[in-house]
Amino acid sequence: MNDYLLAVLLGVVEGLTEFLPVSSTAHLRLTEAMLGIDLTNPYWKTFSIVIQLGAILCLPIYFWSRLVTLVRGFPTGSRGDRSVVNHPLTLTLMAFLATAIPAFLLTKIIGKHLESLRVMAVSLIVGGLVMWTVDAIYQRSGGRAFSRGWLTENLEEMSVGQALWIGACQILSAVFPGTSRSMATITAGELAGLTRSVALEFSFFLSIPTMAAATVYDLLKSLRPRAGEPSAIGAMPHDAHAWIVLAIGFVVSFVVAYGVVGWFMGWVRRRGFAPFAIYRIVVGAAVLYWGSRP
């Protein structure tokens with residue numbers, strides 16, 4: 001396949017799946033495998049990192065006005081009842097640290113599982129079952145099954161405990177590719193007593209520092225491997241053609257992801273997560289079958 005067409009296709013896959021609870025990592029790796037791309041090829045590893053950055057950059061632009069409002073209201077919040085400790089921006093930072101520190105310590109385990117299609121398939125299935133179960137209970141109870149008497153219906157009502165819990169659950173997506181960062185954080189949010197819309201909004205906000213830090217870290221490892229070792233993650237382009245392919249994937253991923261964020265926000269408020277859970281289970285089962293064929 002032409003490299004430019006390949007860049008467009010992979011950019012679309014990344015943009016479509018990065019913020020949906022279906023695991024962009026699994027979909028990107030599976031697409032690359034089906035197209036015959038060597039998953040250990042340094043350039044295509046870097047390509048995957050760069051197009052993820054394209055998807056990430058759509059979030060601060062999409063939520064710009066909301067972010068500006070939060071910054072201007074720091075630390076008391078729009079209603080004057082927040083503090084430096086429990087303002088949404090601080091809670092986002094706390095949740096990020098609850099993920100980042102353990103994930104950094106588990107770097108070797110994460111690297112070991114990163115290319116395993118079996119791990120991705122099992123994670124897709126298990127994550128789908130968990131998400132489906134939690135969302136079904138949430139739906140039947142009107143959102144109050146996990147609220148413990150108080151349903152969090154606004155981002156400025158969140159507690160430190162809820163933020164830390166969501167951040168801790170996000171670690172699963174780093175250790176087990178295919179789990180999906182958004183699936184882990186959204187489901188954790190529902191279990192913590194957040195409404196679907198608040199869980200989704202906090203998941204998006206948390207993804208900005210989490211994904212930015214992870215992407216920059218991977219790029220630095222690509223550019224500056226340890227002395228005497230090849231790049232641990234990937235390799236930067238060395239000619240104009242490779243740079244153009246990289247740029248196409250980046251732009252396509254950004255544009256598609258921007259559209260997906262707006263659509264997903266509206267969908268979740270009306271219909272929930274069951275279709276995504278079913279999709280995860282079907283795809284995971286298909287990958288297990290595919291991987292077991294001689």
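If only one of LEU129, LEU97, LEU105 is within 25 Å of VAL216 (Cα to Cα), in contact (Cβ under 8 Å) with a residue 60 or more places away in the chain and not hydroxyl-bearing (Ser, Thr, Tyr), which one is it?
Of LEU129, LEU97, LEU105, the one residue that is within 25 Å of VAL216 (Cα to Cα), in contact (Cβ under 8 Å) with a residue 60 or more places away in the chain and not hydroxyl-bearing (Ser, Thr, Tyr) is LEU97.
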Boolean, PHE47 is touching a residue at least 40 places away in the same chain (Cβ under 8 Å) and either within 26 Å of ALA121 (Cα to Cα) or touching a Ser or Thr at 6+ places or on another chain (Cβ under 7 Å) (or both): yes
Yes/no for PHE146 being closer than 24 Å to MET265 by Cα, aromatic (Phe, Trp, Tyr) and within 17 Å of the chain's Cα centre (by Cα): no
Residue ID - farthest from VAL160 (Cα to Cα), chosen from residues in the range 214-233 that are open to solvent by 40 Å² or more (accessible area, probe 1.4 Å) and modelled with pLDDT of 80 or more: VAL216
Single match in ALA213, ALA188 (criterion: over 11 Å from the mean Cα position of the chain (by Cα), over 16 Å from HIS87 (Cα atoms), in a helix (DSSP H, G or I) and without any contact (Cβ under 8 Å) to a residue 24 or more places away in the chain): ALA188
Failed item, numbered, when GLY178 is tested on (1) open to solvent by 20 Å² or more (accessible area, probe 1.4 Å); (2) farther than 18 Å from PHE104 by Cβ: (1)
Sole exception among (1) buried (at least 20 other Cβ atoms within 10 Å of the Cβ); (2) not in a helix (DSSP H, G or I); (3) not acidic (Asp, Glu) for SER173, by number: (2)
Matching residues, the range 132-170, being open to solvent by less than 40 Å² (accessible area, probe 1.4 Å) and either in a helix (DSSP H, G or I) or in contact with a His (Cβ under 7 Å, 6 or more places away or on another chain) (or both): VAL134, ASP135, ALA136, TYR138, LEU155, GLU156, GLN162, ALA163, ILE166, GLY167, CYS169, GLN170
Looking only at the range 234-258, and only at residues there that are of a type outside the set (A, V, I, L, M, F, W, C) and without any contact (Cβ under 8 Å) to a residue 40 or more places away in the chain, the one that is surrounded by the most Cβ atoms within 10 Å (Cβ to Cβ): HIS238
Contacts under 7 angstrom Cβ, first residue in the range 149-174 being farther than 18 Å from ARG82 by Cα, partner part of a loop (DSSP other than H, G, I, E, B) and of a type in the set (Ser, Thr, Tyr), 6 or more apart: LEU172/THR179; SER173/THR179; SER173/SER180
GLU32, sole failed condition from (1) modelled with pLDDT of 90 or more; (2) open to solvent by less than 60 Å² (accessible area, probe 1.4 Å); (3) within 19 Å of the chain's Cα centre (by Cα): (1)
Scan of the range 50-87 for residues that are closer than 22 Å to ALA257 by Cβ, among the β-branched types (Val, Ile, Thr) and without any contact (Cβ under 8 Å) to a residue 60 or more places away in the chain, ordered by number: VAL68
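The values are calculated or read from the model by the stated rules, or taken from the named source; none is laboratory data. Since the model is a prediction, treat every value here as computed from it, not as a measurement. A quick note on method: Cβ atoms are made from the backbone with ideal geometry, for glycine too, and the neighbour counts reach across all protein chains shown. Note: areas computed on protein heavy atoms with side chains; ligands, DNA, RNA excluded. Shrake-Rupley method; radii C 1.70, N 1.55, O 1.52, S 1.80 Å.
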